[in-house]
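Here the structure comes first, spelled out in structure tokens, and everything after it is commentary.
The values are calculated or read from the model by the stated rules, or taken from the named source; none is laboratory data. All values reported here derive from a predicted model rather than from experimental measurement. When we count neighbours, we look across all protein chains shown, and the Cβ atoms used for this are built from the backbone with ideal geometry, even at glycine.
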Amino acid sequence: MDSPPGMTDSIRMKVCKLKKALYGLKQSPRAWFGRFTKSMKAFGNRASNSDHTLFLKRGKGKITALIIYVDDMIVTGNDQDEISSLQQYLASEFEMKQLGNLKYFLGIEVARSKHGIFLCQKKIYY
């Protein structure tokens, strides 16, 4: 890592304290997830007791669920307005891409038809 601009090379043995996590450092994912969790709680979601990467929001017969793994997430629920509202909020807080309907997640293929939703895990994934 290089010294910040303005710091002279004559101070070689000095240490700089970082004010935020840098990309690539081992604590960066933890810092990012902490920020994400804080953001989700600010929007009214709470982390599940059984899985800290699952966030739920319930109220007035509506439920919204978000699960995140590294840089992939699924947002689902029983109210499209709530889902859209959450997606807009997340887009304002983080750099995001909307990839449309779910096709793959964690090596599982998701296929929809008029008969239902089918999940398929091909042998090459395990």
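What about residue 117, is it over 25 Å from residue 29 (Cβ atoms) and of a type in the set (Val, Ile, Thr)? Yes; evaluated as a whole, the condition is true for this residue. Scanning segment 36-45 for residues that are touching a strand residue (DSSP E or B) at 6+ places or on another chain (Cβ under 6 Å) and not in a helix (DSSP H, G or I) yields a total of 2.
Of the residues that make up segment 12-33, is at least one in a loop (DSSP other than H, G, I, E, B), modelled with pLDDT under 80 and in contact with a Cys (Cβ under 9 Å, 6 or more places away or on another chain)? Checking segment 12-33: not a single residue is in a loop (DSSP other than H, G, I, E, B), modelled with pLDDT under 80 and in contact with a Cys (Cβ under 9 Å, 6 or more places away or on another chain). Based on what the data block shows, is residue 122 under 25 Å from residue 38 (Cα atoms) and modelled with pLDDT under 90? For residue 122, the condition - under 25 Å from residue 38 (Cα atoms) and modelled with pLDDT under 90 - is not met.
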